[in-house]
Amino acid sequence: VSGLSGERAPDYHEPLVGWRVWLLEEEKIGLHLRSVVHEIIWPPRTELVALCLQRSEWRHQAHTAPAAECECGIYSTHDPGTLDHYLGLASRWRRRKLDRVLGLVYLWGRVLTCERGWRASEAYPARLYIPVSRGVPEAAAHEAAHALASAYRVPVEVLELPRGVSAVEALGQQRHAA
Amino acid sequence: VREEVAVKIGKPERFVIVEPLKDPVPREVPAEPPEKEEPRPREPEKVPAR
């Protein structure tokens, strides 16, 4: 991994676009996106900025996130096929049926390119999909989509899941059809 | 703000610097204060013709 000390010319003038999973979190001021692993709310209308809070000993030294030697940074993957694991995690941890969101995320700033994704210093959602299983009232899903679209000002789609079809498969079918 | 391992993305390879020319964030546009209406010039009083 090449180091990044000091200023250098930008490599890209367009944000990178990756895939990730969020949780839906009802806050006092409305519906928000939350990170799956940590209680980090993604703020609407402003970028999420990575800050390393790792607690193991050598990582106590302050550093700019992301650092190659650490695990910090805002994660995203190249391939939506790898998101099933995290959609499953989200379901196990949360009981509600309407609680997971997957989608595209813009990444910029200092970005660490990895084998199957990125770790970035700054990010903002680009397009969101709310997977809806059978039995969940359609109106609730559309209401959530409307609330997210209003808060983040990004396109939000409801992804209806036929029986036996995962969110990632449904997303693939929808994108193929488009 | 901290974001930790959320997806298995493999080993780090290299850093890149990404500086979008266009802001990727649809930011809140501060509302402009309402413009003050300038007083309209008074119309001359109409005097009935004699």
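Any read-out appearing in this document is the output of simple, stated calculations on the displayed coordinates, not a laboratory observation. It should be emphasised that the depicted structure is a prediction, and the values quoted were computed from it without experimental measurement. Here Cβ is always computed from backbone atoms with ideal geometry, including for glycine, and neighbour counts include all displayed protein chains.
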**Study point:** Those aspartates and glutamates that a straight Cα-Cα span of less than 18 Å connects to residue B:22, excepting residues fewer than 8 apart in one chain
**Key:** A:11, A:14, A:47, A:122
Exercise for review: With a Förster radius of 41 Å, plug the Cβ-Cβ distance of residue A:143 and residue A:61 into 1/(1 + (r/R0)^6) and report the FRET value to the nearest 0.05.
Suggested key: 0.35
Exercise for review: Based on a Kirkwood Rh over C-alpha pairs, give the Stokes-Einstein translational diffusion coefficient of chain A at 10 °C and viscosity 1.306 mPa s in µm²/s.
Suggested key: 92 µm²/s
Check your understanding: What list do you get for A:154, A:36, A:49 if you sort them by fewest beta carbons within 10 Å?
Key -> A:49, A:154, A:36
Exercise for review: Could you list A:75, A:152 in order of exposure, starting from the residue whose Cβ has the fewest other Cβ atoms within 10 Å?
Suggested key: A:152, A:75
Practice item. With everything on Cα atoms, drop me the angle between helix A:167-177 and the longest principal axis of chain A, reported from 0 to 90° to the nearest 10. Key: 80 degrees
Review point. Helix A:84-93 versus the longest principal axis of chain A: what angle, 0 to 90°, nearest 10, using Cα atoms?
Key: 70 degrees
Point to revise | Derived scalar couplings ³J(HN,Hα) [the range A:21-36; Karplus, 6.51 cos²θ - 1.76 cosθ + 1.60; whole Hz; x for Gly, Pro] | key: 10, 10, 9, 8, 10, 8, 10, 4, 8, x, 6, 9, 8, 10, 5, 6
Study note, to complete from the structure: Restricted to the protein assembly as shown, the DSSP antiparallel beta bridge percent, nearest 5, is 85 percent
Revision key, fill the gap. Fewest-first ordering of A:74, A:29 by Cβ atoms within 10 Å yields A:29, A:74
Review point. Which FRET efficiency, nearest 0.05, do residue B:45 and residue A:45 yield, Cβ-Cβ r, R0 45 Å?
Key: 0.25
